[in-house]
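Worksheet: the structure to be examined is printed underneath.
What follows is calculated from the coordinates using simple rules that are stated; it is not laboratory data. The structure presented is a predicted model; accordingly, all values stated were derived computationally and were not measured. All Cβ positions, glycine included, derive from the backbone under ideal geometry; neighbour counts span all protein chains shown.
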Amino acid sequence: MSTLKKNDWNQYVLCALGDRIALYLNGVASVVYREEAPDIARDGLIAVQIHAGNPMEVQFKDIQIRVLP
């Protein structure tokens with residue numbers, strides 16, 4: 001069973017704290033990553049993007065950004 005809802009809204013959560021990044025799709029962890037290279041920035045801009053694929057329409061709603069301790 002796929003976590004992705006193809007014809008409905010999906011909840012996507014990105015949690016970045018220090019060198020750790022976790023991505024969740026509809027409550028299921030899809031990526032848990034730790035950046036080990038010390039020269040990679042730990043701060044910067046947040047953006048949404050689509051990677052390669054067929055032409056498609058993507059919509060975003062209810063975007064929230066929370067500063068973590």
*Restricting attention to segment 12-21, report how many residues are part of a loop (DSSP other than H, G, I, E, B) and not acidic (Asp, Glu).*
1
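Residue by residue, here is whether (1) of a type in the set (S, T, N, Q); (2) part of a loop (DSSP other than H, G, I, E, B) holds:
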{"residue": "6", "(1), (2)": "no, yes"}
{"residue": "10", "(1), (2)": "yes, yes"}
{"residue": "23", "(1), (2)": "no, no"}
{"residue": "33", "(1), (2)": "no, no"}
{"residue": "40", "(1), (2)": "no, yes"}
{"residue": "45", "(1), (2)": "no, yes"}
{"residue": "50", "(1), (2)": "no, yes"}
{"residue": "68", "(1), (2)": "no, yes"}
*Which residue pairs have Cβ atoms under 9 Å apart, sit 6 or more places apart or on different chains, and have a first residue in segment 44-69 that is more than 23 Å from residue 7 (Cα to Cα) and a second that is surrounded by 10 or more Cβ atoms within 10 Å (Cβ to Cβ)?*
46/14; 46/16; 68/15; 68/16; 68/17; 69/17
*How many residues are in contact with a Leu (Cβ under 9 Å, 6 or more places away or on another chain), touching a residue at least 12 places away in the same chain (Cβ under 8 Å) and surrounded by 12 or more Cβ atoms within 10 Å (Cβ to Cβ) when one looks only at segment 17-26?*
4
*Please go through segment 53-69 and pick out each residue that is over 17 Å from residue 15 (Cβ atoms) and over 15 Å from the mean Cα position of the chain (by Cα).*
53, 54, 55, 56, 57
*Identify, please: which residue in segment 34-52 is of a type outside the set (A, V, I, L, M, F, W, C) and within 18 Å of the chain's Cα centre (by Cα) and is, among those, surrounded by the most Cβ atoms within 10 Å (Cβ to Cβ)?*
35
